[in-house]
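Written out below as structure tokens is the structure these notes cover.
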Amino acid sequence: MIVRWLATLAAALAAVPAAAETVAITGARILTAGPAGAIENGTVVIRDGRIAAVGGGLAPPPGARIVDGRGGIVTPGFIQPDSTLGAVEVSQVPASADRASHAARMSAAFDISLGLNPDSILLPVARLAGITRAVTTPLYDDRPDRPLLFAGQAAVIDLAQRPQMVTRPRAAMVLEMGEGGAARAGGARGAAIVALRTLLEDVRFFARQRALYDRGEGRPQALSRADLEALVPVAEGRMPLIVKVDRASDIVEMIAFAREERLRIVIDGGVEGWRVADEIARAGVAVIVDPVANLPRSFSEIGASLENAARLHAAGVTVLLKAGSGVAHRARELRYGAGNAVAHGLPHEAALAALTINPARIFGVDDRLGSVEPGKQADLVLWSGDPFEPLSQPRAVFIDGIEQPLTARTLELRDRYMP
């Protein structure tokens, strides 16, 4: 016990100078994802974990540790939306997976920010792909005896592998409609819409009449008290509702439903979104896109296209990019997917925004993350070249101003057994 305590103390003390030091990345091309745009031959100064200054031809402050960025590109750290990073280690080992609740009376109340694993070996692998934060989202327990509509509450996390890894808990609620929602509501899309409307009516009644509920009076409620309480900010339009849906008609249906119920929705998937891009743009709804989804996996995805992200952006939709359909083990593919989206018409600047400032805004952390601007937390990546080119690699990764090791267990195993 004493040995473990001393090790923890030593690690904590070792982290203090790194967080407090002043670092200057010099001579790089800086893609700020902010109002300054691209800065040639730029310098970023990091002090006390935040960006102190950024600009072209900026002189490093005296005593700063210099990171030579010549020939490289600096970007904000990428944010992977719709991921299970930190909530799963080995998919087929239940004890290592905390991505879904199996409780019969808990759906919306499931808070994935509780019980995450900062020591997951998947985090360094994702970090080597320039990912410094993730929106970890709960999945469904698809047992037939648990027909609850909501999966639970998502959280924004960092990938620095430290005990306090949650950046923002309860950042969004997760709901699947379309085919999945229909299956949970009795087999029909119409039934899922009616069930959702009824639940929101229950939540609003509960919010007005908590005392009646606690006395066992008033209208009967299908949800537990914990679920009702968790859904109050959704019903009041304060918490985004991530809606997993793909078919064009389902997207339009959810936009109309959200307008009627005054919900803040984010479409997740949106495989056929390009077909109704103008309606999505008019509604001001953001879409989380898997940019390499080009083959129909169901009748909801018949219109799958590699140009989905580009067409949505061209229509004025706020686009977020994800990798591997949210699978944590494929998070490292995020930048490759962005490169594919660029190859199929998405402007390079828009692809960068889709990995940085857009998810930061949608999930309420853009005041501190998502762009290279003074005052923001220093989540930065120095790349050897264009980050969307597969051969480019990170030369340095910073999270909250602390430089991260450029290693992972996969690389250690490679080096161990390489002839």
### Query
Residues 379, 386, 367: which one is in contact with a helix residue (DSSP H, G or I) (Cβ under 9 Å, 6 or more places away or on another chain), closer than 21 Å to residue 56 by Cα and either modelled with pLDDT of 95 or more or open to solvent by 10 Å² or more (accessible area, probe 1.4 Å) (or both)?
386
### Message
I'd like to know if segment 219-226 contains one or more residues that are without any contact (Cβ under 8 Å) to a residue 24 or more places away in the chain, farther than 20 Å from residue 262 by Cα and basic (Lys, Arg).
### Response
yes
### Message
Taking the condition of being within 27 Å of residue 388 (Cα to Cα), among the β-branched types (Val, Ile, Thr) and surrounded by 20 or more Cβ atoms within 10 Å (Cβ to Cβ), how many residues in segment 101-128 meet it?
### Response
1
#### Entry: Members of segment 346-357 that are buried (at least 24 other Cβ atoms within 10 Å of the Cβ) and under 12 Å from the mean Cα position of the chain (by Cα)
354, 355, 356
### Query
Quick one: what pairs do we get from segment 126-138, first residue free of Cβ contacts under 8 Å to residues at least 12 places away in the same chain, second in a loop (DSSP other than H, G, I, E, B) and surrounded by fewer than 24 Cβ atoms within 10 Å (Cβ to Cβ), C-beta under 8 Å, 6+ apart or different chains?
none
## Note on the structure
Among residues of segment 299-312 being open to solvent by 20 Å² or more (accessible area, probe 1.4 Å) and part of a helix (DSSP H, G or I), the residue nearest to residue 248 (Cα to Cα) is 299
### Query
Would segment 315-323 turn up any residue that is of a type in the set (Gly, Ala, Ser) and in a strand (DSSP E or B)?
no
### Message
Let me spell it out: the conditions are (1) at positive phi; (2) not in a strand (DSSP E or B), and residue 105 meets all of them except one. Which number is the exception?
### Response
(1)
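Within segment 63-105, take every residue that is small (Gly, Ala, Ser) and under 16 Å from residue 322 (Cβ atoms) and give me the one that is modelled with the highest pLDDT.
Taking segment 63-105 first, the residues small (Gly, Ala, Ser) are 63-64, 69, 71-72, 77, 83, 86-87, 91, 95-97, 100-101, 103-104.
In the following step, the residues that additionally are under 16 Å from residue 322 (Cβ atoms) were identified as 77, 83, 86-87.
Values: 77: 98, 83: 91, 86: 91, 87: 90.
By that ranking, first place goes to 77.
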### Query
Just to be sure, is residue 59 closer than 21 Å to residue 369 by Cα and not charged (D, E, K, R)?
no
### Query
Hey, which of the helices (runs of 4 or more DSSP H) in segment 193-298, taking only ones fully inside, have at least 2 residues that are surrounded by 14 or more Cβ atoms within 10 Å (Cβ to Cβ) and at pLDDT below 95?
210-214, 225-235
### Query
What are the pairs, 6+ residues apart or on separate chains, where a residue within segment 76-93 that is within 20 Å of residue 267 (Cβ to Cβ) has its Cβ under 6 Å from a residue that is of a type in the set (D, E, K, R) and modelled with pLDDT of 90 or more?
79/133; 81/322; 82/268; 82/322
### Message
Here are the criteria: (1) in a helix (DSSP H, G or I); (2) at pLDDT 95 or above. Tell me which single one residue 330 does not satisfy.
### Response
(2)
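Would you tally the residues in segment 333-362 being within 21 Å of residue 305 (Cβ to Cβ) and assigned to a loop (DSSP other than H, G, I, E, B)? So that I can check it myself, show each step before the final result.
Looking only at segment 333-362, we keep the residues that are within 21 Å of residue 305 (Cβ to Cβ), and these are 333-348, 350-351, 353-355, 358.
Keeping just the survivors that are assigned to a loop (DSSP other than H, G, I, E, B) gives 344-347.
The number of residues fulfilling the criteria is 4.
Would you confirm, using the coordinates I've provided, whether residue 131 is open to solvent by 20 Å² or more (accessible area, probe 1.4 Å) and farther than 20 Å from residue 239 by Cα?
no
The values are calculated or read from the model by the stated rules, or taken from the named source; none is laboratory data. For clarity, every value in this text was computed on a predicted model and none was experimentally measured. Positions of Cβ are backbone-derived with ideal geometry, glycine not excepted, and every protein chain shown enters the neighbour counts. Accessible surface is based on the protein model in full, side chains and every heavy atom, while ligands, DNA and RNA are left aside. Shrake-Rupley method; radii C 1.70, N 1.55, O 1.52, S 1.80 Å.
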